[in-house]
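The block underneath contains the structure these notes are about, expressed in structure tokens.
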Amino acid sequence: MLDRRLHLHLATWLGQWPAGPGLHLVSSHRRARPAWDGRLRPALAVSAGHSTVLSVPPDRVAAVRALADLPLDRLIPALPAAVGLPDWSTHDGPFRWSLAPAPLPDVGEWIPRTAPGLPPWLRLFDSDVLVVRAPNGRYLAGAGVKRHDAYGHELAVGTATEARGRGLARRLVAQAARRVLDEGAVPTYLHERSNHASARVAEAAGFPDRGWRSFGVYPR
């Protein structure tokens, strides 16, 4: 049985869940409103088994429906133009979640996203971020939480070049996941299919690849 929090997250985030076999196009006003970072996500989809829910803005349903008979590998590259943003990028990769993060030791400290010395990507978040610093205070690695809704929070992690290979990313992901679960939501983790380093981090942190897929249109 699907975890209730994950079910509610997908229903809220996409506008519908679950769905029967095939591609289900959903009209959602959330696709026309800014996401967690203040930027649009004009097309979002999750596939589980033979079922796919694709969420788009109401005024783009007809244009996307015209592509509905295409296989996903041809549909995805056509989505930016169909939602009126031909220069935007697409994402396609596993959709992962965890109810039991790996029991890795905590490694980071939650600090304000406005703290000095953080990379720009960590400043996009709307709450504290999880950071590892060297003894001299220099940033080494960090993680942030994308609070899509009350039920599902997506994790993002990054490591400075000099700190790679130390296992910091997997420990940060597991630590952040435990906090999300404590807050009553389910932690999710998305990455491009070709990003093998992120896949290894996810597996080590307790986010297995269950064969689910996520794709969509993202700002560059």
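Look through the range 90-103, keep the residues that are under 17 Å from residue 176 (Cβ atoms) and surrounded by fewer than 18 Cβ atoms within 10 Å (Cβ to Cβ), and return whichever of them is nearest to the chain's Cα centre (by Cα). Only one residue fits best here, namely 99. Pairing residues of the range 1-24 that are free of Cβ contacts under 8 Å to residues at least 60 places away in the same chain with residues that are assigned to a helix (DSSP H, G or I), at Cβ distances under 6 Å and at least 6 apart in sequence or on separate chains, gives 17/10; 17/11. Filtering the range 152-176 to residues that are touching a residue at least 40 places away in the same chain (Cβ under 8 Å), open to solvent by less than 10 Å² (accessible area, probe 1.4 Å) and more than 30 Å from residue 15 (Cβ to Cβ) leaves 172, 174. Scanning the range 173-200 for residues that are over 16 Å from residue 99 (Cα atoms) and not charged (D, E, K, R) yields 191, 194, 195, 196, 197, 198, 199. Looking only at the range 21-31, residues that are touching a strand residue (DSSP E or B) at 6+ places or on another chain (Cβ under 6 Å) and either among the basic types (Lys, Arg) or loosely packed, with under 15 Cβ neighbours inside 10 Å (or both) come to 2 in all.
So that you can scan it fast, the table gives a plain yes or no per residue for (1) surrounded by 20 or more Cβ atoms within 10 Å (Cβ to Cβ); (2) under 28 Å from residue 142 (Cβ atoms); (3) small (Gly, Ala, Ser):
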{"position": "2", "(1), (2), (3)": "no, no, no"}
{"position": "33", "(1), (2), (3)": "no, yes, no"}
{"position": "41", "(1), (2), (3)": "yes, yes, no"}
{"position": "51", "(1), (2), (3)": "no, no, yes"}
{"position": "56", "(1), (2), (3)": "yes, no, no"}
{"position": "71", "(1), (2), (3)": "no, no, no"}
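Here residue 87 passes the criteria (1) loosely packed, with under 13 Cβ neighbours inside 10 Å; (2) in contact with a Phe, Trp or Tyr (Cβ under 6 Å, 6 or more places away or on another chain) except the one numbered (2). Quick check: anything in the range 128-151 surrounded by fewer than 16 Cβ atoms within 10 Å (Cβ to Cβ), under 15 Å from the mean Cα position of the chain (by Cα) and more than 24 Å from residue 57 (Cα to Cα)? No; the residues of the range 128-151 include none that is surrounded by fewer than 16 Cβ atoms within 10 Å (Cβ to Cβ), under 15 Å from the mean Cα position of the chain (by Cα) and more than 24 Å from residue 57 (Cα to Cα). Among the residues of this structure, residue 125 counts as one that is surrounded by 13 or more Cβ atoms within 10 Å (Cβ to Cβ) and touching a Phe, Trp or Tyr at 6+ places or on another chain (Cβ under 8 Å).
The values are calculated or read from the model by the stated rules, or taken from the named source; none is laboratory data. Just so it is clear, the model here is predicted, and its values are computed rather than measured. All Cβ positions, glycine included, derive from the backbone under ideal geometry; neighbour counts span all protein chains shown. The accessibility values were calculated without ligands, DNA or RNA, using every heavy atom of the protein model including side chains. Shrake-Rupley method; radii C 1.70, N 1.55, O 1.52, S 1.80 Å.
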